[in-house]
1. Can you order the peptides B:166-174, B:192-200 by their average number of other Cβ atoms within 10 Å per residue, highest first?
2. Given a Förster distance of 22 Å, report the FRET efficiency between A:Y168 and A:H372 from their Cβ-Cβ distance, rounded to the nearest 0.05.
3. May I ask for the angle, rounded to the nearest 10°, between helix A:407-418 and the longest principal axis of chain A, with both axes built from Cα atoms and the value confined to 0 to 90°?
4. Which whole number in µm²/s is D for the stretch B:37-520 by Stokes-Einstein, with the Kirkwood Rh taken over Cα pairs at 4 °C and 1.567 mPa s?
5. Calculated FRET efficiency, A:D113 and B:F498, Cβ-Cβ r, R0 30 Å, to nearest 0.05?
6. By how many degrees, between 0 and 90 and to the nearest 10, does the Cα long axis of helix A:32-56 differ from the longest principal axis of chain A?
7. Quick check on the stretch B:107-229: take the gyration tensor over C-alpha atoms, sort the square-rooted eigenvalues as a ≥ b ≥ c, and tell me if it's rounded (a/c under 1.5), prolate or oblate.
8. Can you tell me the 0 to 90 degree angle between the C-alpha axis of helix A:496-511 and the longest principal axis of chain A, rounded to 10?
Amino acid sequence: MEAFLDGWGLTLMVFLPLAGALLMMLIPRSHEETLKVYALVFSVAAAVMGILVMIWFDYGQAGELQFVVDRSWIDAINSRYIVGMDGISLPLVALTLLIVPLCVIYSWNHFPDPKNPKAFLILILILETGMVGTFVAQDLILFFVFFEVVLLPMYFMIGVWGGEERLYASIKFFLYTLFGSALMIISFVAVFFLAQDPSSGDALRTFDMRTLSSIGQAGMLGTAGLWIFAGMFVGFGIKVPMFPFHTWLPDAHTQAPTVGSVILAAILLKLGTYGFVRIALPILPEASEDWAPWIGLLAVIGIIYGAICCLAQTDMKRLIAFSSVAHMGFVMLGIATLTDFGINAAIFGMVAHGLITGMLFFLAGSVKERYHTMEIKRLGGILLQAPRLGWILGFTAMASLGLPGLAGFWGEFPAILSSWNPAAILPLETFRTYTIVAAVGTVLAAGYLLWLYQRTSFGRPTEEFATEQFRDVEAPEWVAWVPMLLLILALGVYPNLVFGVTDDAVTQIAAAFGG
Amino acid sequence: MIGVLARLAQDTGDGILVPAEPIQAGVTQIATPEIQWVALLPHLILVVGGILLLTIASLFRHRVPRWAYTIYTVAVAAGAIIAALPLWVRVQDAERGPFSAIAGALGVDGFSIFITVIICAGVILTALLADGYLKREGIDGPELFVLLLLAASGGTIMASANDLIVLFLGLEILSISVYVMAAMHARRFTSLEAGMKYFILGAFSSAFFLYGIALVYGASGSTNMIRINQYLASPTGVVLSENGLLLGGFALLLVGFGFKVAAVPFHAWAPDVYQGAPTPVTAFMASAVKAGGFAAMLRVFVLTFGTFSGDWQPVVFALAVLSLLVGSVLAIVQTNVKRMLAYSSIAHAGFILVGVEVATEQGTAAALFYLAAYTFMVVGSFAVITVVGRKGDGHHELSDYRGLARRQPVLAFVFTILLLAQAGVPFTAGFFAKFYVISAAVDAENYSLAIIAMVSAVIAAFLYLRIMISMYMSTDSEAVTGEPDRVPVPLAAGIALFVACVVTVVIGFVPGPITDLANDAVPFLVQVG
């Protein structure tokens, strides 16, 4: 079994959904039930592969890449098919493999207009291949290809199944991200040509992230590294999204169908932060040190700006979208400290934000399906009309504002704490200022989330919905939500579930910064 | 002008213009060069194939069915490809290597064979496309196919020319055939207009080109690229460049090439001509004509004038940047799909110019890969436009594509793949085409050009999205209000589409083989003998 997993585990995990998508293309559109079952089977099969890989994963060696496959791919540019998983990839892969089947289940009877479940499910599966692939790729070109594969299905998902302004939102999403990718690929190519062997000074001409990281720690690439980092910074920063590149996010989220929003918030945004941790920091440590204070600055601006925007929103989905900007700010602040504590917190923050915000978007979708509006002032009294839905919303909002004992706390609190003591090379006073500002951000978070909960769930229903009867939480919703709710609780009570896995790998990255 | 002439006189006075070979007294017999027929075979197959078709068709005008013309053209082009294969094996053989034929008039190297194959592939796809088109438009006769083969021979001669005069002959064979092809749909006013416009401006640019050849000849004393190259590499050549004669030649040649490949600011004809010409002809212009033009440009500038790259690189840099930006920005504001793709092909020319500008072997290989990939993408795209254009070749507005995905999902899907390939999305040939060009630019430490190219690619992506939007994202209310019917896809056009699409995707997954071929197809200047 172990030999099989070593050779094929990750590859199957990545490409099973794509195989499913190809198979589904051959099935006529009218066989809806068959199509749904196939989509579920293939996403679950990928998850099963993932579980097997995680069972056989050697947690004592979580700092090392495991299940590595290294095959030739495009010889002409020395780009290879290299996949591997370590403690940083594992939680994010697990998150992806969990969320996608849940999305398939949730959509079972909830396909947004114009229906067409076949195309919708095929897009979800293609998305899954792209997302899982990005988290396991260990070659820059392979990483880039997976990173880009994600773009198109999401574009179509927003553009076809989205709300009123879907055209504008989908194009904005696509062009913004493509612009980032364009600069990113130039950075990758520049790394390819400039990387040198530290001992002999020979040009390396490789896209292998393992080799490049090991050289990076020897401090190569010099001042060109600053520009290369800038290219990657724009590419990843747009995806995160960091202030001031965030403007695509509220539009995309507001217009996307529920499942699209969930995948976007839970996983797509993590591709950017993961890129920082996996590529930008280890390959360009010197440039990271120079850029870190600026990243930290943009992160805290994002925290405060996102929170203030939340307070001004009148649309529930848009509010949750802006809260993503704020929460991803905490993640980026953790990364900017360049310490193992901060980066650990950042990865925890990614997982926690994925579960919690994903859950919030699920809930927003269900509210919209019942009330046909997202306007906060028209909602009210959900606790009276659909008590279970209201309670789950309350629970998730508490998790999101960082209540201790739930997952959100371990994403935010350590990130703030870590910025008090950043890596020794970074300016201490600057980062301590960031600490204080970020702490204010948590207060604002509590403010906008509680206010949202109060306005939508407390009190009596507004007049227009006063006499209507609403269904409470239904079976597919329970199936999709319970695992996420349990995980939010479990990670909150025992955060070592994630910290224990990530710590070894993160320590190696942070070692380059003396932390 | 007078100054130039004065300097010219001065140079001749100094006796720099030495005749290439001293004339021997008392020679009674004109020496005829040895002709290596094998080397000429691909060109000959195309030329003879074209003339033969013309003869047969005029003798048995009404007894030959139209599909026979198509099959014949495909067979001739395929024959030329097959004839080129042994040559490829020969030039790649380490011991024998590239060689020149007919007293150094033609060069046979991996580069010329690669371009020959690209052009022939373009001919095959265009012929398949033209079959259904001519039937639909009620244009009988073999003329289009004859001209197609002749134009192709012009292109292949341009790609292998080792002498500026031969190059000019190839250019004219290609251009004159295409002028007529553009005006082929004689009942459509716009087609005639396109032909006329293309002819007048084309003739103008040919004059520039010829004048450029004359100036280069004046400066270097030869039209043969090998001699020019040797002369420029020698110390005398460096001195000579300072008098402006050679630089004037460069400039005029660049104008000629810029026109042929539709680079900004010599692009003004392209949108009108692309829009007006019969759509299969547009496909041919965007693929094979461009391939021929770039092949000649690479041979002349990168190879022959390679030692003077510092002099022409800034100009090509400007051409590339302008083509990239103007092409993509103006493409966005169009509402006619054919015109959109015309502007987008200008942007693509900008990308290939990046490969020319870096003036390295990687740049040349990247440009070749781009041309190969682009040929399939663009012919495929114009194949869809041909089909959707309906009878009269006039339904090219963005609104004609509305709801195409609902009516004909397969056609829309194929078009989507081809458009994405043009946008440069991974897992399509377009991604690697752009990737290699960018790599070449970065390797030459030309970061600004790489960044401009990628930014313009993002701008251009918007244009392909616009077309996709009208195919996929139209509202249901529009479906009710008089939506056009399904369009028939003729068998031959279907085959062309299938081939274009499959090649685009396969190269996207496995770019290795084409990359290796492009890397092996480096041009050489080979001595006579």
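1. Numbers: B:166-174: 22.1, B:192-200: 19.3.
The packing order, highest mean first, is B:166-174, B:192-200.
2. For R0 = 22 Å, the calculated efficiency reads 0.55.
3. Between the helix axis and the principal axis of chain A, the angle is about 40 degrees.
4. Answer, rounded: 58 µm²/s.
5. On the way: r = 33 Å, r/R0 = 1.10.
With a Förster radius of 30 Å, E is 0.35.
6. Rounded to the nearest ten degrees, it is 40.
7. Oblate, because a/c is 1.5 or more while a/b does not exceed b/c.
8. Roughly 30 degrees, rounded to the nearest 10.
A short reminder: the numbers here are calculations on the coordinates, not readings from a lab. Only a predicted model underlies this, so the values are computations on that prediction, with no experimental measurement involved. FYI the Cβ positions are ideal-geometry reconstructions off the backbone, even for glycines, and counts take in every protein chain you see.
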